[in-house]
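Every number here is computed from the coordinates shown, using simple stated rules; none is lab data. Since the model is a prediction, treat every value here as computed from it, not as a measurement. So basically every Cβ, Gly included, is an ideal-geometry build from the backbone, and we count neighbours across all protein chains shown.
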Amino acid sequence: MQQIIGDYRSFFAMQAQRLAKLGIDIAGLPVSHLALRTESIDEYLRLRDQIEQHCSANVENIWNGRPISKLLLREPLDLGDGFEVTLLELIPPKHQRVYKMGLEHIGIVVGDGIDEFSRVHRAHLTGQQFQSAVCEPVYILFEDYTHVKFYRESLMDVCIREGQAFNGFSHAIKPA
């Protein structure tokens, strides 16, 4: 998988170290997902096909006018330090501002303590996204345009609550 998406272990370690420097301890918190951005729709489709070879399901939908895949891996990726991830989020070209291409963010599940977490760490949070009625992560944007997003529940659980079952491979767009 590293050959397809890049050095995910180093990326996760870098983000965890940055959080630790800010006094944010993620030990024991589940990793919701790991997200990658592509520079073009063609690259998105190529990576989607390559990643799917390692997956049991893909939920792809259209959000903000572009497809986004949530790819459920057959085997979790070991991120080191006792962390693992089973869901990859694949996002095509930027749409609102500058984003890091390639490995772009990690999602951490804080759970029902997300409101308290937001109050305690407000000085370090960059903002909050209002993605849906059940998905409103807070996030930290770093100087290299990578993020760490903090969720009440995992992205997979959000998808399921929104009626997107992880049964096989669902594509919102097909290759040209």
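Along the Cα→Cβ direction, 7 angstrom out, place labels at Asn64 and Val134. What is the inter-label distance in nm?
2.2
When the chain is fully extended, how far beyond the present Cα-Cα distance does Arg74 get from Gln3, taking 0.36 nm per residue of separation? Let's see the in-between values first.
On the way: separation 71, 0.36 × 71 = 25.56 nm, distance 1.69 nm.
Gain on extension, Arg74 to Gln3, equals 23.9 nm.
Report the calculated FRET efficiency for Tyr145 and Gln17 (r = Cβ-Cβ distance, R0 = 25 Å), to the nearest 0.05.
On the way: r = 17 Å, r/R0 = 0.69.
With a Förster radius of 25 Å, E is 0.90.
For the chain, what proportion of DSSP beta bridges, expressed in % and rounded to the nearest 5, is antiparallel? Intermediate values should be presented prior to the final figure.
Details: 28 of 40 bridges.
DSSP beta bridges in the chain are roughly 70 percent antiparallel.
Please compute, over every Cα-Cα pair in the chain, the percentage with a separation greater than 27 angstrom.
Details: 3207 of 15400 pairs.
Of all Cα-Cα distances in the chain, 21 percent exceed 27 Å.
Once phi is turned into ³J(HN,Hα) by the Karplus curve 6.51 cos²θ - 1.76 cosθ + 1.60 with θ = phi - 60°, what whole-Hz value does each residue of the range 146-155 show in order, with x for glycine and proline?
For the range 146-155, the Karplus-derived couplings read 9, 10, 10, 10, 10, 10, 6, 9, 5, 4 Hz, x marking Gly and Pro.
For a protection proxy built on the mean count of beta-carbon atoms within 10 angstrom, sort 16-29, 122-135, 105-118 highest first, please. All intermediate terms of the calculation are to be shown ahead of the outcome.
Numbers: 16-29: 13.9, 122-135: 12.2, 105-118: 17.6.
Descending packing order for the listed peptides: 105-118, 16-29, 122-135.
Which of Leu155, Phe83, His171 sits farthest toward the positive end of the charge dipole of the range 45-176, with +1 on the Cβ of Lys and Arg and -1 on the Cβ of Asp and Glu?
It is His171.
Can you list residues whose amide H is under 5 Å from Leu79's amide H, if they're 5+ apart or on another chain and H is modeled 1.01 Å from N?
Amide H to amide H, under 5 Å and 5 or more residues apart or across chains, Leu79 pairs with Glu84, Val85.
Where does each of 5-12, 159-166, 66-73 land if you order them by average Cβ count within 10 Å, highest first?
Peptide ranking by packing, descending: 66-73, 5-12, 159-166.
If R₀ is 22 angstrom, what is the calculated FRET efficiency for the pair Ile41 and Ser170, using the beta carbon separation as r and rounding to 0.05?
Values: r = 17 Å, r/R0 = 0.79.
Efficiency at R0 = 22 Å is approximately 0.80.
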